Amino acid sequence: MSLERSRRFEVKTFADEMQEKWEKAKAMYARKVAKIPTRIFPGGSKPTIKEIFQVMDTRYDCDEQDLYDEQHVLYPVNIPPKYSLKGVLKHFSDIEADGFKPRKLLDHHHVVGYVWYWQLDQNHSFSRKHIQVLANVIVASIVGAGDADKKTHEWADRFVRAFMAYNNRNPDTSETEHFLGMWWRSNWDLIKFGRAKLELIKAKIREARSRIPNTPFHPFEYPELAKEQDRTAFLKNAGMWAIWWHLDNELTYNGLDTEFKGNAANAFLESNDMLEAFGSSSVSDGVPDYVSHAQFNKPFVKCLMEDIREDHPWKQTPEAADAARRKPWMDENDAVDLILGNKFDELIGGMQLQ
């Protein structure tokens with residue numbers, strides 16, 4: 001029998017099959033986790049592929065400390081369980097096909113939460129790091145403290161509440177879920193500011209930070225203090241508190257982010273897991289010891305291994321398909337005028353406990 005004919009009858013060994021699965025797992029991990037910002041995770045670093053493979057099956061008994069550590073790494077408390085990291089891995093093909101943007105199209109509803117909560121689109125998130133979002137929060141705060149019509153006031157109020165709850169890492173996700181429900185049902189969307197206008201807004205924010213009054217309480221206390229207000233007082237104060245909370249909290253969070261990242265990086269470098277944690281083929285081509293055949297049947301790993309459709313039909317969906325349901329909730333020029341005008345200055349200057 002010729003060598004060429006014999007190759008047709010070659011049977012893959014168990015080791016070959018494991019190697020193929022491992023190569024696919026590495027490729028899927030690199031692609032599916034790439035766009036998720038590190039800052040989302042409370043430990044200051046993304047979960048490694050090793051941590052995904054070693055995720056526990058909580059249907060069985062496990063050590064409470066191990067479970068806590070796993071939740072700390074894989075489950076940010078301000079993201080509802082139905083939009084967990086496991087879901088991002090499972091539905092990544094749909095998320096990518098939508099261009100990592102939330103679409104107001106019937107069959108695309110499940111993508112919306114993943115995009116907003118995991119900060120995959122800088123124009124649609126609750127992140128204080130996205131200037132488009134922060135500009136909308138400031139406008140909503142000004143509107144919430146004013147005499148807008150009922151519909152606009154409710155939109156502004158709900159967005160401010162959702163922003164504060166998310167950035168305070170509140171495990172009660174009712175505020176963010178309420179706003180996303182409102183966003184989905186409405187024909188409104190966040191304002192998307194042009195580049196020139198964003199530069200004006202950034203300059204205003206930098207100037208405002210220099211005028212933050214001293215406060216008798218920590219930024220983390222703002223949401224709880226807000227709950228103590230009656231409805232009238234809350235509507236009067238919530239807007240200014242949201243701006244105040246962000247401006248005062250920015251340095252605090254920046255310090256925490258730096259500390260978390262530094263600790264995570266040092267621990268990683270000092271551990272014996274540095275070379276194998278990401279499973280990079282440039283480091284080692286072999287299957288790591290922590291990967292077994294049984295682990296590929298774990299729910300979390302199965303989601304990681306879910307195929308990505310390169311020919312996904314959603315990629316052909318016109319950008320304007322849901323344009324009628326994505327009108328900015330306020331005119332861009334009017335919004336800029338609010339930020340640059342006296343109303344914003346009055347909120348900053350009038351910040352106090354009522």
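Computed from the coordinates by the stated procedures, all read-outs in this text should not be read as laboratory data. None of the values given here were measured: they were computed from a predicted structure. Backbone-built Cβ (ideal geometry, glycine too); neighbour counts: all protein chains shown.
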Handout entry: Gained length - Ala196 relative to Glu319, 0.36 nm times residue gap less alpha-carbon distance
Key = 41.9 nm
Handout entry: Sequence-distant residues sharing a close amide H with Asp189 (under 5 Å, placed H)
Key = Lys327, Trp329
Exercise for the section: Kindly put Trp329, Trp314 in sequence by how many other C-beta atoms sit within 10 Å of each C-beta, fewest to most. Expected result: Trp314, Trp329
Practice task
Using label points projected 7 Å from each Cα along Cα→Cβ, tell me how many nm separate Ser93 and Ser210, to one decimal.
Solution key: 5.5
Practice task
Could you calculate the FRET efficiency of Glu306 with Asn123 from 1/(1 + (r/R0)^6), where r is the beta carbon distance between them and R0 is 25 Å, rounded to 0.05?
Solution key: 0.40
Completion exercise
Extend 7 Å from the Cα of Leu106 along its Cα-to-C-beta direction; within the range 175-194, residues with backbone N under 19 Å of that point are 184-187
Completion exercise
Taking Val139, Val133 and counting other beta carbon atoms within 10 angstrom, the fewest-first order is Val133, Val139
Completion exercise
Once phi for every residue in the range 13-18 is put through the Karplus expression 6.51 cos²θ - 1.76 cosθ + 1.60 (θ = phi - 60°), the whole-Hz ³J(HN,Hα) values, with Gly and Pro written as x, are 7, 4, 5, 5, 4, 5
Completion exercise
Between the modelled labels at Glu332 and Asn170 (7 Å from Cα along Cα→Cβ) the distance in nm is 3.1
Problem - Reach of Lys192 by Cα under 22 Å, taken over lysines that are not fewer than 8 positions away in the same chain - result: Lys35, Lys101, Lys104, Lys129, Lys151, Lys202, Lys204, Lys327, Lys343
Practice task
Fewest Cβ neighbours within 10 Å first, please rank Ser125, Ser93, Ser141 accordingly.
Solution key: Ser93, Ser125, Ser141
Exercise for the section: Could you name the lysines whose alpha carbon sits less than 21 Å from that of Lys298, not counting residues in the same chain fewer than 8 places away? Expected result: Lys21, Lys24, Lys26, Lys32, Lys46, Lys50, Lys82, Lys86, Lys90
